[in-house]
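Undergrad: Here you go, one structure.
Each reported figure results from applying straightforward, stated rules to the coordinates on display, with no laboratory input. None of the values given here were measured: they were computed from a predicted structure. A quick note on method: Cβ atoms are made from the backbone with ideal geometry, for glycine too, and the neighbour counts reach across all protein chains shown.
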Amino acid sequence: MALTSKQIHDALATVQDPDLGKDLVTLKMVKDVRTDGDDVHIGIELTTPACPLKDKIRDDIVEAVRSVAASAGTAVGAVDVEFTAHVRAPGEPSADNPLPNVKHVIAVGAGKGGVGKSTVAVNLAVGLARMGAATGLLDGDIYGPSVTTMMGLDTLPPPKPRGNTLLPFEVHGIRSMTIGKLVPPDKALIWRGPMAHGAFKQLATQTDWGELDYLIVDLPPGTGDVPLTLTQLLPLTGAVVVCTPQKVAVDDARRAVRMFQQLGVTVLGIVENMSVFVADDGTTYDLFGQGGAELFAQEMNLPFLGAIPIYPQLRINCDAGTPLRNWQGTPALGDTLDGIIRNVAQQVSIATMSGKFVQPSLSVT
Ligand code: ADP
C-alpha cells in the first residue's frame, strides 16, 4: 500500500524551513503532492530562487517521508522533490508606494568610496537574475554613477521615454537605470541637497520598472542626502553594507550601519570586499587585514554575507561592462558571488517573514 496524500502532508508538517522557523505546510510552501505506485513526488515553492538551503530542505523532506512510511509500515520508493520559487512581497503595497510592483527594494551602501559598493550592487543584481529572479538595478550614486560602465551601457542610445516614464535598459538579464545615461559623461555632477533629492526621486519613480522581485539600489558612499530620500520615498526591505577589511574602512562602514539603523532600515549584513589577493600560483596576500569586516559584523551583531578576494578578472569585467563573465572562466569568483547573493536573498526572506521592513514615514515633494 502506498503512502496517502494526508500522510505525506503530515510528514511535510514536521519539516522546518530553518531560516523562517516554521514548517513547510504552515508557510504554504507545499504546492504539489503526488504518488506513482510507491514513488512520491513533492513540489515545494521557495521564497526565493536564490535559496541557500535547498539541499537541506530536500534531505529533511526525504527523511520525514521515509520516517512516516516506516512508522506506518508502508513501502516507499523514490522521493522526488521539485523546487520552484515565488518571491513574496512583505505585504500589500501601501497606497502611497510609488513602486507597488516592486516586491523588495534593497540598498547597497558603504561608508566611503572605492570599496567596491557598485561592484557588489551590479553583481548582486545580475546574479539574482541569473538565479531566476526579476531584478532591477537603480544607480542611485548620482554623484559618481558607475552603472553605465559596469553594465556596458556606454554605446547604447539614451533611455526611451514612454509617457511620463523612461524605459530602463534591459541588458545582462536585468533592468537598469542610471543618471550616467541622462547627462553628458564629462559633466560634473554637482547637486545641492534638494536637487539631489529630486534627481534621485525622478530616477527611482519615473523609470518604468514593471514587475520586479528585487530592485537593487547602488547608493552614493557615505551618509548624505540620497539614503535619506530613499528611505522617505520607498519601502526598503533592507540594506547591504560593503567595506574593505582595514580599520579606517570599517570605521566608516560603522557610520553607514548606524545611519541605516537610525533611519529604521534593517541592515541585511556586511560584505567584505578586497579581502585578500590570490596570485596565479595560489599564494594568498593579505593586503588589507582579511577578516576585519567579519569581526565588525560580529561586533555589530549583523549577518556576515561573505568576502570577495581581489580578482583582476572582476575589475576587467567591471571596466568592460560584461558582468556575466564573472561566472565564466573563473569558477572561484562565480562561486564567491553566488554565495553572497544567496546569503542576501536569505536575509531578505527572513526580514520579509518577520515583518521587519520600513514603510516611508515622511512624505516628500
Ligand atoms: P565604489 O562603488 O565603492 O566606489 P567600485 O565598485 O566602483 O567602488 O570599485 C572600485 C574599483 O575597484 C573598480 O574599478 C572595481 O572594478 C574594482 N574592484 C572592486 N572590487 C574588486 C575586487 N574584489 N577585485 C578586483 N577589483 C575590484
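Undergrad: Report the calculated FRET efficiency for VAL25 and GLU211 (r = Cβ-Cβ distance, R0 = 30 Å), to the nearest 0.05.
TA: 0.60
Undergrad: What percent do you get for the relative contact order of the stretch 5-85 when only Cα pairs under 8 Å and 6+ apart count?
TA: Computed value for the stretch 5-85: 34 percent relative contact order.
Undergrad: Percent antiparallel among DSSP beta bridges with both residues in the stretch 5-85, to the nearest 5?
TA: 55 percent
Undergrad: Same structure again: To the nearest 0.05, what FRET efficiency results for SER354 and ARG254 with a Förster distance of 25 Å applied to their C-beta separation?
TA: 0.55
Undergrad: Would you mind putting 52-59, 159-166 in packing order, based on average other-beta-carbon counts within 10 Å, highest first?
TA: Listed from highest to lowest mean packing, they are 52-59, 159-166.
Undergrad: Still on this model: Quick one: which of LYS160/LYS181; LYS103/LYS181; LYS112/LYS201; LYS56/LYS103; LYS117/LYS201 span more than 19 angstrom between C-alpha atoms?
TA: Over 19 Å Cα-Cα: LYS103/LYS181; LYS112/LYS201; LYS56/LYS103; LYS117/LYS201.
Undergrad: Starting with the highest mean, order 318-324, 133-139 by the number of other Cβ atoms within 10 Å, averaged over the residues of each peptide.
TA: Output ranking for 318-324, 133-139: 133-139, 318-324.
Undergrad: Please work out how much length the chain gains when fully extended from HIS9 to THR330, using 0.36 nm per residue of separation minus the C-alpha to C-alpha distance, in nm with one decimal.
TA: 111.3 nm
Undergrad: I've got another one for you. Provide the FRET efficiency to the nearest 0.05 for the ALA279-ASN97 pair, computing r from the beta carbons and using R0 = 45 Å.
TA: 0.40
Undergrad: Suppose only helical runs count, i.e. DSSP H with n ≥ 4. What mean residue ellipticity at 222 nm does that imply for the chain under -39500 (n - 2.57) per run, divided by all residues and rounded to the nearest 500 deg cm²/dmol?
TA: So the calculated ellipticity at 222 nm is -10500 deg cm²/dmol.
Undergrad: Rounded to whole Å, give me the distance from the Cα center of the stretch 67-81 to that of the stretch 14-58.
TA: 16 Å
Undergrad: Nearest 5 percent is fine: what portion of the DSSP beta bridges confined to the chain is antiparallel?
TA: 30 percent
Undergrad: Going 7 Å from the Cα of GLU82 toward and past its Cβ, which residues in the stretch 46-68 have a backbone nitrogen under 15 Å from where you end up?
TA: Of the residues in the stretch 46-68, 46 have backbone N under 15 Å from the label point off GLU82.
Undergrad: For a paramagnetic label modelled at 7 Å from the Cα of ASN164 toward its Cβ, which residues of the stretch 91-133 fall within the zone defined by backbone nitrogen distances under 17 Å?
TA: Zone members listed by number: 95-101.
Undergrad: Dipole of the stretch 102-353 (Lys/Arg Cβ +1, Asp/Glu Cβ -1, origin at the Cα centre): which of GLY210, PHE296, ASN317 lies farthest to the positive side?
TA: The residue sitting farthest along the positive end of the dipole is GLY210.
Undergrad: Also: Using the crude model of +1 on Lys and Arg Cβ and -1 on Asp and Glu Cβ, and no other charge, please compute the dipole size for the chain relative to its Cα centre, in debye to 20.
TA: Roughly 1080 debye for the chain.
Undergrad: Ranked highest first by the average count of other Cβ atoms within 10 Å around their residues, in what order do 204-217, 229-242, 93-106 fall?
TA: 229-242, 204-217, 93-106
Undergrad: Just going by the charge dipole of the stretch 5-85, with Lys and Arg at +1 and Asp and Glu at -1 on Cβ, which of ALA75, GLY21, GLN7 is farthest out on the positive end?
TA: Result: GLY21, furthest along the dipole toward the positive end.
Undergrad: Identify, among VAL126, PRO49, GLY238, the residue whose Cα sits farthest towards the positive end of the charge dipole of the chain, taking +1 on the Cβ of Lys and Arg and -1 on the Cβ of Asp and Glu, with the dipole about the Cα centre.
TA: Comparing the listed Cα positions along the dipole, GLY238 ranks first.
Undergrad: Once phi is turned into ³J(HN,Hα) by the Karplus curve 6.51 cos²θ - 1.76 cosθ + 1.60 with θ = phi - 60°, what whole-Hz value does each residue of the stretch 231-248 show in order, with x for glycine and proline?
TA: Each residue of the stretch 231-248 in turn: 6, 6, 9, 10, x, 9, 6, x, 10, 9, 10, 9, 8, 8, x, 6, 4, 5 Hz.
Undergrad: Can you give me the angle between helix 54-72 and the longest principal axis of the chain, using Cα atoms only, in degrees from 0 to 90, rounded to the nearest 10?
TA: The helix 54-72 is inclined about 10 degrees to the chain.
Undergrad: Where the only charges are on Cβ atoms (+1 Lys, Arg; -1 Asp, Glu), what is the dipole of the stretch 131-240 about its Cα centre, to the nearest 20 debye?
TA: Using only the charged Cβ atoms, the result is roughly 300 debye.
Undergrad: Another question, if that's okay. How high is the relative contact order of the chain, given as a whole-number percent (alpha carbon pairs under 8 Å, six or more residues apart)?
TA: Over the chain, the number comes to 19 percent.
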